[in-house]
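The values are calculated or read from the model by the stated rules, or taken from the named source; none is laboratory data. Here the structure is a predicted model, which means the values were calculated and not measured. Glycine also receives a Cβ, built like all others from the backbone with ideal geometry; neighbour counts cover every protein chain displayed. Heavy atoms of the whole protein, side chains included, go into the accessibility calculation; ligands, DNA and RNA do not. Shrake-Rupley method; radii C 1.70, N 1.55, O 1.52, S 1.80 Å.
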Amino acid sequence: MAYTLGQIAEEFGLVLVGDPQIPISGLAALADAQSGDLAFLFNIRYLASAQTSHASALVTTQENADKLSTPLLISPKPRLAWARIAGLFDTSERLSGIHPSAVIHPQAKLGKDIAIGPNAVLAADVELADSVSIGAGTCLGRGTTVGMNTILHPNVTIYHDIVIGSDCIIHSGTVIGADGFGFEPDMETGSLVKIPQIYGVRIGIDVEIGAGSTIDRGALNDTLIGDGVKIDNQVQIGHGTQIGAHTAISGTTAIAGSTRIGSYCLIGGAVGIVDNIEIVDQVEITAMSLVSTSIRKKGRYSSGTGLMPGKLWKRNIVVFKHLNELAKRLRKLED
Amino acid sequence: MAYTLGQIAEEFGLVLVGDPQIPISGLAALADAQSGDLAFLFNIRYLASAQTSHASALVTTQENADKLSTPLLISPKPRLAWARIAGLFDTSERLSGIHPSAVIHPQAKLGKDIAIGPNAVLAADVELADSVSIGAGTCLGRGTTVGMNTILHPNVTIYHDIVIGSDCIIHSGTVIGADGFGFEPDMETGSLVKIPQIYGVRIGIDVEIGAGSTIDRGALNDTLIGDGVKIDNQVQIGHGTQIGAHTAISGTTAIAGSTRIGSYCLIGGAVGIVDNIEIVDQVEITAMSLVSTSIRKKGRYSSGTGLMPGKLWKRNIVVFKHLNELAKRLRKLED
Amino acid sequence: MAYTLGQIAEEFGLVLVGDPQIPISGLAALADAQSGDLAFLFNIRYLASAQTSHASALVTTQENADKLSTPLLISPKPRLAWARIAGLFDTSERLSGIHPSAVIHPQAKLGKDIAIGPNAVLAADVELADSVSIGAGTCLGRGTTVGMNTILHPNVTIYHDIVIGSDCIIHSGTVIGADGFGFEPDMETGSLVKIPQIYGVRIGIDVEIGAGSTIDRGALNDTLIGDGVKIDNQVQIGHGTQIGAHTAISGTTAIAGSTRIGSYCLIGGAVGIVDNIEIVDQVEITAMSLVSTSIRKKGRYSSGTGLMPGKLWKRNIVVFKHLNELAKRLRKLED
């Protein structure tokens, strides 16, 4: 794969500064780039790195352009341009055809241009719209439907009666539609009686779900993932929870059941969000925060103590245990 | 699937108020319920919702019944009744028969009424008791045994020599019996030498394990999961750890090795529990707490700071770093 | 499997005290050990348990030997000796041969003595060096290469163009090479545009990766896992991150993208490490700490509040919300 700088400028409508014949064969960061690589300068803070980079050309803004003597591709939205240029160098596997080892129930319905990898399993009444791709070893339960152009990577598991929209990407190891965690103690026997999870999961369009994530089916309503939602790896979403459109959730975050999260939220990695609360639109939660009550006002929220050397930390947490008492003593002194 | 209110009352021994011929075709929450749905009122706090619900009937207590004019199913334990009624509307897939693509070692022993899905793999000396169901793509290692009526969903992985009791449910993506995390530094080579994990995992009866969870095999003793334990999604249980009967563990909680947890504990989501400690019976740990020492008294335990707006949080964690010093200054003032 | 104490002493170059004919058929902890078991006393704190143990022999140091009357295997590095002896009693499954149900692309290249389990899938241009073992249902994407003696357990997923070194072990459910979490907001449409993740993952030699872990491919450079690194279960490693040689990472830890971690670090379980930071060599992070800035000095670091009874905790976190204000009031009093 190699393009000329001129081809890239034309393809994405960018302003070209320099020789259009310069060959571009890859993308790299400023410090790593070699001849033939395209790199970027978005933040002027990295100007020095840009000036010493071996990249053959840079993607940047008009504002930065004057400070650079290398060939340039100029865009008012250089990050977006970069995301699109990167697609030229994407070597992801594209399956084609239906592998003979796939086990497809005779009552499954397949659209046109479907790709199904080896050992994939489609149960009865599965419906795949046109141009769906199902990776090797991926299993779809009875009655599950998948929208146009959606890609399921290998070893994904989708339970029965799940609805997945079009233009989605679901990565390996992810499980959608397993039973929500619902039990009722039976005081006579001491055991926890399972509450059947009779609803499903509905996933909108243009949703990406990372590897090893789990989204449970609901007990009283469907679990809902809005359009354009992006979910990272090892995220857990409980039964009946709703995620608003275009919200992004970073890795290993856990969201308990029956919680409603708004649109355009940014939820950091390793966050915990308890059940049955509500979070409005445009809320940002920083990494490893615990959200244990509803958030009714947009903005940025955090919890935790910050990191410190182990010895210092040990002394401080002893005081934290008596913090309320300490506050009282201070008040007494003030009085 | 549709039942009359009278059929449901009879099936579960409930007191019926209203027309026994009312058709019930589904379950829903009060606010979502439509005609044909059964809903519930457990907590009198939601009385207003119950009074305006479109549900055809409600499950509730005798105490609440007087305040309601809709048809009712009355039980002294309405939550338990609800859990059982929900079973009528459960559309979970039930496998039947042994799919010809399953790879079953000739030395595996199968009971009666076994179901095995496509591409499942049973190694030598695997033993399945009667009515076991093994999902598509699920792999069982050599010598593993599974008790009666147990269901393993698709794409589960069980290593060698694991014992799983009867009436268990194990969801997709879960891995049981991988090697515990045990290494010994070799100072001469600088490398970490693997400690072979020569014991296994024993899982009791009536255990449910969610999707994407991992339970490691032991180095010095079997990892033990007691009867009636319920484990949610993406829970990690380290080698040689013991979980007492009827304990429930919510999603993404991590329990390190050689720890002993009592019976009837409730462990919140995203909790961390360190290795080699002991937790007595009936301990409740709230979400995202870190348990770093043994808990010897039953009750409820927490850690963390609570959530706050990002700017406020940043100022507070600066003070937390000096908390011990601050306590000393207060003491000095008091003196 | 049974050995005499003499055989074990000879095999591992240990000093034998007692009858070399004593049969050893297993390993156990001091308290659990029965006749026929070998146990260990590393820490003199457990001397009483050693003196009452039913073990047939103990592994210990010369220093402890004088206090014990049981048969002994003596080593200056008894923990390392134990790790090696345990290998004798390891009953892990070893695959052999290539199962006819495996789907191997004609353009895959296989070395000698390869084992491939049922329903494994190797795409085009996969290369396996000699003595590689691929578990049942494991999928390797196009162009991925695996070094000598490396073992992939069942139901592992490796994407395209991933490099895995020799002598590695990768446990079930793990996913390597899924797309890193990278999106760029398009303000016009409100959607998050995917940034193609065009680099791969390179894993060194002698690396072990637990069950259900995920290591993403990079957008601007390969994600790198150094030689001898040990990664526990359900660990998440973001795109472009680098882990230095011989670092150990415990279960459910999440490391975001483009972070560089040094060598010989010990990262506790359930730790969160944000993106784009640097951690030097020999840093220890205790369980469930959040690392949100670079660590430039070796040593031990922690965060969190410590655990406390729920009622006390609730009072303390109210004060924490006003901690900065409280510090100011104290200063005012001092003045």
* Structure fact -> Per the helix-only model, chain B has a calculated mean residue ellipticity at 222 nm (DSSP H runs of ≥4, -39500 (n - 2.57) each, divided over all residues, rounded to the nearest 500) of -4000 deg cm²/dmol
* **Whole-Å distance, taken between Cα centres, linking the range A:10-78 and the range B:143-184** => 52
* Counting alpha carbon pairs within less than 8 Å and at least 6 residues apart, what relative contact order, in whole percent, applies to chain A? -> 6
* Residues along the range B:227-244 losing 40 Å² or more of accessible surface when the other protein chains are present rather than the chain by itself (probe 1.4 Å) -> B:LYS230, B:ASP232, B:ASN233, B:GLN234, B:GLN236
* Asked: Looking only at A:GLU208, A:GLU278, A:GLU325, which one moves most when chain A is put into a Gaussian network model with springs between Cα atoms under 10 Å?
  -> A:GLU325
* **Spatial separation of Cα centroids for the range A:257-289 and the range C:202-222, in angstrom** => 28
* What relative contact order, as a whole-number percentage, does the range A:23-154 give when Cα pairs under 8 Å and 6 or more residues apart are counted? -> 14
* Number of partner chain Cβ atoms within 10 Å, mean per residue of B:135-146 -> 5
* **Within a Gaussian network of chain B (alpha carbon springs, distance under 10 Å), most fluctuating of B:VAL15, B:VAL132, B:VAL156** => B:VAL15
* Solvent-accessible area buried by C and B, counting both chains, probe 1.4 angstrom, square angstrom -> 5700
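Can you give the % of DSSP beta bridges in chain B that are antiparallel, to the nearest 5?
The antiparallel proportion sits near 10 percent.
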* If B:LYS112, A:LYS77, C:LYS311 are ordered by their accessible area, calculated over protein heavy atoms with a 1.4 Å probe, which sequence runs from highest to lowest? -> C:LYS311, B:LYS112, A:LYS77
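Which percent of the accessible area of the protein assembly as shown is formed by carbon and sulfur heavy atoms (probe 1.4 angstrom)?
On the way: 20600 of 39400 Å².
Roughly 52 percent, rounded to a whole number.
Taking only C-alpha pairs under 8 Å that are 6+ residues apart, what is the relative contact order of the range A:117-186 in percent? Show your work: numbers first, answer last.
Values: 182 pairs, mean separation 17.8, N = 70.
The normalised contact order for the range A:117-186 reaches 25 percent.
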* Asked: Considering every residue in A:77-88, what mean count of other chain Cβ atoms within 10 Å of its Cβ is obtained?
  -> 5
* Check A:GLY26: other-chain or 5+ apart residues with amide H under 5 Å from its amide H, H built from backbone geometry? -> A:LEU38
* Highest-MSF residue in chain B out of B:GLY141, B:GLY272, B:GLY97 [GNM, Cα springs under 10 Å] -> B:GLY97
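Subtracting the Cα-Cα distance from 0.36 nm times the residue separation, let me have the gained length for B:THR4 to B:PHE183 in nm, one decimal. Each step should come with its number before you reach the end.
Working: separation 179, 0.36 × 179 = 64.44 nm, distance 6.12 nm.
So the chain would gain 58.3 nm between B:THR4 and B:PHE183.
With r as the distance between the Cβ atoms of B:ARG315 and A:ASP281 and R0 = 30 Å, compute the FRET efficiency 1/(1 + (r/R0)^6) and round to 0.05.
Working: r = 26 Å, r/R0 = 0.87.
Calculated value: 0.70.
If you roll a 1.4 Å probe over the heavy atoms of the protein chains, what accessible area per residue do you get for chain C, in Å²?
Values: 13130 Å² over 335 residues.
Accessible surface, normalised per residue, equals 39 Å².
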* To do: Give the accessible area for A:ILE295 in Å² (nearest 10); use a 1.4 Å probe, count only protein heavy atoms, and leave out ligands, DNA and RNA.
  => 10
* Taking N as its residue count, the alpha carbon Rg of chain C over 2.2 N^0.38 Å -> 1.27
* Once amide H atoms are built 1.01 Å from N in the peptide plane, which residues 5 or more positions from C:THR241, or in another chain, come under 5 Å H to H? -> C:LEU224, C:SER258, C:THR259
